[in-house]
Amino acid sequence: MANTNIDRETLRELADAGNETALDRLADLADAAGDLGELSGLLDEGSMHAGLLLTRRAAATGDLRELQRISDAGYDEAGNELERLLKAPAEGRREGGSDRPL
């Protein structure tokens with residue numbers, strides 16, 4: 001059986017050499033650790049998988065500014081999610097949150 005316990009240093013070296021799968025694996029590790037800074041850095045490096053993971057987190061919390069930032073960084077689906085949230089009925093946005101305007 002193959003060793004699937006690859007260390008971060010090896011993944012980083014592979015990602016730096018252009019291996020997108022290694023970059024995705026780093027994003028998964030950062031997501032599992034809750035390291036949003038690393039995920040953001042990976043998005044800045046061009047990891048669309050990091051963009052997906054960040055978008056999921058931002059959408060779950062309704063963080064419109066973060067969705068805009070992710071979209072601006074190149075992950076288009078964040079822009080789609082932002083538009084979806086902005087077009088949602090006002091009552092849906094207020095549930096469990098603030099009644100103040102956005």
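The values are calculated or read from the model by the stated rules, or taken from the named source; none is laboratory data. What you see is a predicted model, and the numbers here were worked out from it, not measured in a lab. Cβ placement follows ideal geometry from the backbone for every residue including glycine, while neighbour counts extend to all protein chains displayed. These area figures cover heavy atoms from the full protein model, side chains too; ligands, DNA and RNA do not enter into them. Shrake-Rupley method; radii C 1.70, N 1.55, O 1.52, S 1.80 Å.
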*Each residue of region 29-44 in order: what ³J(HN,Hα) in whole Hz does its phi give by Karplus 6.51 cos²θ - 1.76 cosθ + 1.60, θ = phi - 60°, with x for Gly and Pro?*
5, 5, 5, 4, 7, x, 8, 5, x, 5, 4, 4, x, 5, 4, 4
*Treating only the Cβ atoms of Lys and Arg (+1) and Asp and Glu (-1) as charged, compute the dipole magnitude of region 1-87 about its Cα centre; round to the nearest 20 debye.*
360 debye
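Is the shape of region 22-76 rounded, prolate or oblate, going by the alpha carbon gyration tensor and its root eigenvalues a ≥ b ≥ c, with a/c under 1.5 for rounded and a/b larger than b/c for prolate?
Numbers: a/c = 2.09, a/b = 1.32, b/c = 1.58.
Because a/c hits 1.5 or more and a/b fails to exceed b/c, region 22-76 counts as oblate.
With a ≥ b ≥ c taken as the square roots of the eigenvalues of the C-alpha gyration tensor of region 1-46, please select rounded if a/c is under 1.5 and otherwise prolate if a/b is larger than b/c or oblate if it is not? Provide the component values of the computation, followed by the final result.
Values: a/c = 2.40, a/b = 1.32, b/c = 1.81.
Here region 1-46 falls in the oblate category.
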*For the charge dipole of region 16-64, defined by +1 on Lys and Arg C-beta atoms and -1 on Asp and Glu C-beta atoms about the Cα centroid, which residue among A32, L43, A22 has the Cα displaced farthest towards the positive pole?*
A32
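Kindly sort T10, T61, T55 by accessible area of their heavy atoms, largest first, with the probe set to 1.4 Å.
Numbers: T10 55, T61 110, T55 15 Å².
So the residues, ranked largest to smallest area, are T61, T10, T55.
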